[in-house]
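Novice: To start, I am sharing the structure in question, which I have written as C-alpha cells.
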Amino acid sequence: MNQPEDSNDSGNPTIGSVVQARLQRRQFLKASVGAVAAGLGPFPLAGCVDDGAHRPRSGPSGDSALGFEAVPKSIADAFVVPPGYTARVLIAVGDPLFDGVAAYRDDGDNPDYARRCGDWHDGMEYFGLSANGRPDPSATDRALLAINHEWVSPAFLHASGPSAPPRPASEVDIETAAMGVTVVEMAKDSQGHFRYLEASPFNRRITTLTEIEISGPLRGHPKLKTRYSPTGTHTRGTINNCGTSRTPWGTLLTGEENWAAFFARDAADADRRSEAENYALARYGRPPGTPQAYQWNTVPDGADPYQRWNTSVTGASQDGHDDYRHEIHGQGYMTEIDPYDPDSVIQKRTALGRFAHEAAAFSRPQAGEPLAVYMGDDSRGEYIYKFVSDAPWDPADAVVENRMAVGAKYLDAGKLYAARFHEDGTGEWLLLSKANPAVTDYDRYPFADDGDVLLHARLAADAAGATRMDRPEWSTVNPDNGDVYITLTNNSGRQIDDEDGAIGVDAANPRAYKDRRQDSGTQSGNVNGHIARLAEDNPSSTRFRWDIYLFGAESDADASLINLSGLTADQDFSGPDCIRFGSGTDICWILTDDNAMTDQSNAMMLAATPGQLGDGSFVELDHGETKIVTPVGAQPGPSELKRFMVGPVDQEITGLAETPDGRVLFVNVQHPGAGSPIAGAAGAEGYTSHWPGNMGYGPGGDLARPRSATVMITKDDGGKIGS
Ligand code: FEO
Ligand code: CA
Ligand code: CA
Ligand code: CA
C-alpha cells in the first residue's frame, strides 16, 4: 500500500553531499571504481569493471529454471497465470472462521468481523501440521496459514460505505475487527486442493483490540505507561500488519507498518508536550492536529477502546498512566505470534526497534552464530535495519515445544543497527545504542536510555548517520549463498531541477527520471523502484558489500538512466514490494505494489533466479551536472526473470507462502477495486473491480463487491510451481 510518510528531515546523507561537491565526488567515484577494479578496494566485487558493457549474466539460452510461458502485462479484472497453471481462491475477507457465523453476504451486512477473515490480506506464512495436529514443517497436505490484514476498505465493509465523522460505533467495531491477523487451518480435499476449515480449533483472529504483551527492553518502560497498562507491560492490538517472517523456531513475526496513521493528535497537544516529545512525534509522522486514519476516535461519547486512538495528553498525571499520550508507543514493532497455540500470549519484540516495520528476513541459521534479522522501514527516505541476537543459534531450538520462550531467547536481547551505504559498493552497520557517541551526543533529541533509542530508532539512525533510502520494503535471504535482497519500492518525491538535474540521488538510490503515463501526465523521481542486494561475512559483521540487483522499469524506457537492468516486455515491472525466495524451489518471487505502470498492467508477480552480489558491473548515470556511479547486478536473461502472474484491477499482489514441496503457492490479492468511489452508494456498477466474485468465488458474480483474498496456484500436472 502506497501511503508513505515523509518525515525524515534529518539532513542525513543520502550517500554523499551530492549538491555541494559534485565534481570532487565524481573524481572520487572514478578513483574508487578504479581501485575496486584493480582489486585494491576493501571488498572487491567480481567483474566490476566500468567498461560500459553491462553484460547479461548468462547467454540467451541459459539454464531454464523458469519453465513456464511468461504472462503478458494485463489490465483485465482477472487473476492471470501461465498456461498449465490454475488459480483458486482459498479464503476472502468476510469468510466465517468459527461455528455459527453466517456465510459472507455481498450486501455489506456481515456482523461479527472478529470471527471472520479480515480485510486487506498482506504478508502470509505457512505452518505445516502433521496428521495428528502437531507442528510439522515438512507437512504438505495440512497446515495453518497466518495472514496479515493491513488496512480496511470501508467502502465495501458497510452496506452503503462509511458514514462521515463522527463515526458510529457499529461501523468502527467492524473496521477495528477486520484488521490484524488471521490464523486459519486448511487441509487438502479429495481432489488434492486445499480448503480452509471453517471451525478448526486452531482458527484465531487477532485484531486491533487483542491484548498483547510488551517484551524486551521496552517492557515496563516509563514511555509505555498508559491508562490501559499503567505499568507499561501491555497494549491492545497489532496494527497495519504488513509483511511477515516465519522464525527458525516456527512462529510468525508480523510487521506493524503505518501504525502512526492510526493515532489522532489534538492541535493543542503541542503545548502539553516537551520540545523533545514534539520533535519525536513529528519525526514519526504525528505532528499536532493530525487525524486518525479512519476517524475511529470520533465515536460520540466514546468508550475507552475508541478514546485510545487519540494519543494526546488529556490527563493530569506527570507519567501518563491516566491517559493515552503514550498509546502510540505501543505500536511499531515486529510482533511474534505462535500460530500453533490459539491461546498463546502475543509478544511485541521491542529489541528490534520501533519504526514502520515492513517485514523481516532471518540470516541462514548457523549453529553457534547469532541470528541476524534484516528489516526495512517503509517511508520515503527511511532506513534499512539489522538486528543481531545476543544468543548464538542452537539448532535444538528449532523443535522446542515452548516456541514463545525461544522467541524471547533470540529476539529480546541483541544489537540493532542501521545501514550506511558507501559509493564504492561497501557499507557499514551503525550501532543504535547509547554506546554509540553519535547517538548519545545527538542534538535534536536527548535519548533517555537504550529503551528510548529503540522506541525512537529512526531518530537514533538519523543521529548515527544512516543512509536515507527509497522506501525499504520486504527483505529475503538467498538460501544458497546468504545474499540479502531488499526492495526499495519507489521514491515519487525526488525532484528533478531544470538547472541542477536530479536532487538527492546517490549510488544506492541512483535514479531520478520523468515517466509518462498513457492515461495522464508525467510522474518523476525513482518512479519504478529497485532491489538492493547485500552480502556480509557473518551475521554479526558490521561491514557489508552491496549492489543493486534489479531496477524496475518499462521495457522501452531509456536504457542508460531508467531501464538499467535491460528488462524486456516479458520482464518489466514497477513497484517491487514483497520479495521472497521459495522454500521448495530456487526461485526468488518478486511481487509488486504499483501505482506508476498501472496504465499498462495491474500489479503482478515475477519469478527470478538471481545470481550473486557482484555479478554485474559499475554503471555511470549521467544526470547532467550530477554523475552517479553505482554497482549494478547482471542483466537478467529471459530464463532468469519472467512475469508469472498478473492480478485484477486496483490491487497489489503481496504475501507469499508455499508448501515445502513447492507444489502449491499462495499469494494475496490486496484491495482489488481500491479505485472505486468511497461511498458504496455509487452501486456495484461503480466498482472498478468485481474480483473474485467474477471468477466464481462467493456471492455476487460479475457485479460482486471486490474482496481481498488468498489465492492458491497449482500446476495442472502436479509439478513444482515455476519450474
Ligand atoms: Fe505495507 Fe510497505 O507495504
Ligand atoms: Ca508497498
Ligand atoms: Ca509510463
Ligand atoms: Ca508491502
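The values are calculated or read from the model by the stated rules, or taken from the named source; none is laboratory data. All of these numbers come straight from a predicted model, not from anything done at the bench. Glycine also receives a Cβ, built like all others from the backbone with ideal geometry; neighbour counts cover every protein chain displayed. Heavy atoms of the whole protein, side chains included, go into the accessibility calculation; ligands, DNA and RNA do not. Shrake-Rupley method; radii C 1.70, N 1.55, O 1.52, S 1.80 Å.
Novice: Based only on the alpha carbon positions, what is the Kirkwood hydrodynamic radius of the chain, in angstrom?
Specialist: Here the Kirkwood hydrodynamic radius works out to 25.7 Å.
Novice: Carbon-plus-sulfur fraction of the accessible area of the chain, 1.4 Å probe, in percent?
Specialist: The C+S portion of the solvent-accessible surface of the chain is 50 percent.
Novice: Taking amide hydrogens as modeled 1.01 Å from N in the peptide plane, which residues meet the under 5 Å criterion relative to residue 658, leaving out close sequence neighbours?
Specialist: 126, 666
Novice: Rg(Cα) of the range 357-416 divided by 2.2 N^0.38 Å?
Specialist: The reported ratio for this selection is 1.22.
Novice: Continuing with the same structure: Per residue, how much space in cubic angstrom lies within the convex hull of the C-alpha atoms of the range 626-708?
Specialist: Spread over its residues, the Cα hull of the range 626-708 gives 188 Å³ apiece.
Novice: Moving on to the next point. With Kirkwood's inverse mean 1/r over C-alpha pairs for Rh, give me the Rg to Rh ratio of the range 355-505, two decimals please.
Specialist: On the way: Rg = 17.2 Å, Rh = 16.9 Å.
Rounded to two decimals, Rg/Rh equals 1.02.
Novice: For the range 303-363 and the range 566-587, write down the distance between their C-alpha centroids in whole Å.
Specialist: Computed from Cα coordinates, the inter-centre distance equals 33 Å.
Novice: Note down the magnitude of the dipole of the chain about its Cα centre, charges +1 on Lys and Arg C-beta and -1 on Asp and Glu C-beta and zero elsewhere, to the nearest 20 debye.
Specialist: In total the dipole reaches around 660 debye.
Novice: For the residue pair residue 163 and residue 522, what label-to-label distance in nm results when each label sits 7 Å from Cα along the Cα-to-beta-carbon direction?
Specialist: 4.8
Novice: Quick check: from the Cα gyration tensor, does the range 225-275 come out rounded (a/c under 1.5), prolate or oblate?
Specialist: Judged from the Cα gyration tensor, the range 225-275 comes out prolate (a/c at least 1.5, a/b above b/c).
Novice: On to the next question. Using a basic spin-label model with each label point 7 Å from the Cα along Cα→Cβ, how many nm lie between residue 440 and residue 569?
Specialist: Spacing of the two 7 Å Cα→Cβ label points: 6.2 nm.
Novice: Also, quick follow-up: Output the relative contact order of the range 264-403, whole-number percent, from Cα pairs under 8 angstrom with separation of 6+ residues.
Specialist: Answer for the range 264-403 is 14 percent.
Novice: With every protein chain left in place, what is the accessible area per residue of the range 263-420 in square angstrom, probe 1.4 Å?
Specialist: 32
Novice: When the Karplus curve 6.51 cos²θ - 1.76 cosθ + 1.60 is applied with θ = phi - 60°, which whole-Hz ³J(HN,Hα) does each residue of the range 378-388 get, with x for Gly and Pro?
Specialist: Going residue by residue, I get 7, 8, 4, x, 8, 10, 9, 10, 9, 9, 10 Hz, with x marking Gly and Pro.
Novice: Follow-up question, since we're still on this one. Take the Cα radius of gyration of the range 555-613 and divide it by 2.2 N^0.38 Å, with N its residue count; two decimals is plenty.
Specialist: Rg over 2.2 N^0.38 Å, computed on Cα atoms: 1.19.
Novice: Which whole-number percent gives the relative contact order of the chain, counting Cα pairs below 8 Å spaced six or more residues apart?
Specialist: Result for the chain is 18 percent.
Novice: Could you list the residues of the range 85-125 with an amide nitrogen less than 18 Å from a label point located 7 Å from the Cα of residue 703 in the Cα-to-C-beta direction?
Specialist: Backbone N within reach: 105-109.
Novice: If you wrap the range 280-357's Cα atoms in a convex hull and average its projection over all directions, what's the area in nm²?
Specialist: Projected area, direction-averaged: 7.2 nm².
Novice: Moving to a separate point now. Roughly how many Å² is the accessible area per residue of the range 552-601, as a whole number, for a 1.4 Å probe?
Specialist: With the other protein chains kept in place, the range 552-601 gives 25 Å² per residue.
Novice: Beta carbons within 10 angstrom, averaged per residue: use that to sort the peptides 496-505, 278-287, 644-653, highest first. Walk me through the numbers before you get to the answer.
Specialist: Working: 496-505: 16.3, 278-287: 20.2, 644-653: 26.3.
Going by the mean number of other Cβ atoms within 10 Å, highest first, we get 644-653, 278-287, 496-505.
Novice: Turning to a different aspect of this structure: Just the number please: accessible area per residue for the range 606-654, 1.4 Å probe, all protein chains included, in Å².
Specialist: 19
Novice: At a 10 angstrom cut-off on C-beta neighbours, averaged per residue, how do the peptides 335-346, 112-123 rank from highest to lowest? Write down the numbers at each step before the final one.
Specialist: Details: 335-346: 20.3, 112-123: 24.8.
My ranking of the peptides, most packed first, is 112-123, 335-346.
Novice: Assuming a ≥ b ≥ c are the square roots of the Cα gyration tensor eigenvalues, decide whether the range 66-118 counts as rounded (a/c under 1.5), prolate (otherwise, with a/b larger than b/c) or oblate.
Specialist: prolate
Novice: Which three extents, in angstrom, do the Cα atoms of the range 562-708 have along their principal axes, listed largest first?
Specialist: 54, 47, 20
Novice: Using θ = phi - 60° and the Karplus relation 6.51 cos²θ - 1.76 cosθ + 1.60, list the HN-Hα couplings for the range 650-664 in order, rounded to whole Hz, with x at every Gly or Pro.
Specialist: My calculation for the range 650-664 gives 6, 9, 10, 9, 8, x, 8, 9, 9, 5, x, 8, x, 9, 10 Hz in order.
Novice: Let me ask you something else. Please list 303-314, 466-477 highest first by mean number of surrounding beta-carbon atoms within 10 Å per residue. If you can, show how the numbers build up before the last one.
Specialist: Numbers: 303-314: 19.7, 466-477: 26.8.
The most tightly packed comes first, giving 466-477, 303-314.
Novice: Between residue 191 and residue 99, what FRET efficiency comes out of the Förster formula 1/(1 + (r/R0)^6) with R0 = 22 Å and r the beta carbon distance, rounded to 0.05?
Specialist: Efficiency computed from Cβ-Cβ geometry: 0.35.
Novice: Considering all alpha-carbon pairs of the range 177-254, what whole percent are spaced by more than 15 angstrom? Mind showing how you got there, number by number?
Specialist: On the way: 2078 of 3003 pairs.
Taking all Cα-Cα pairs of the range 177-254, the fraction more than 15 Å apart is 69 percent.
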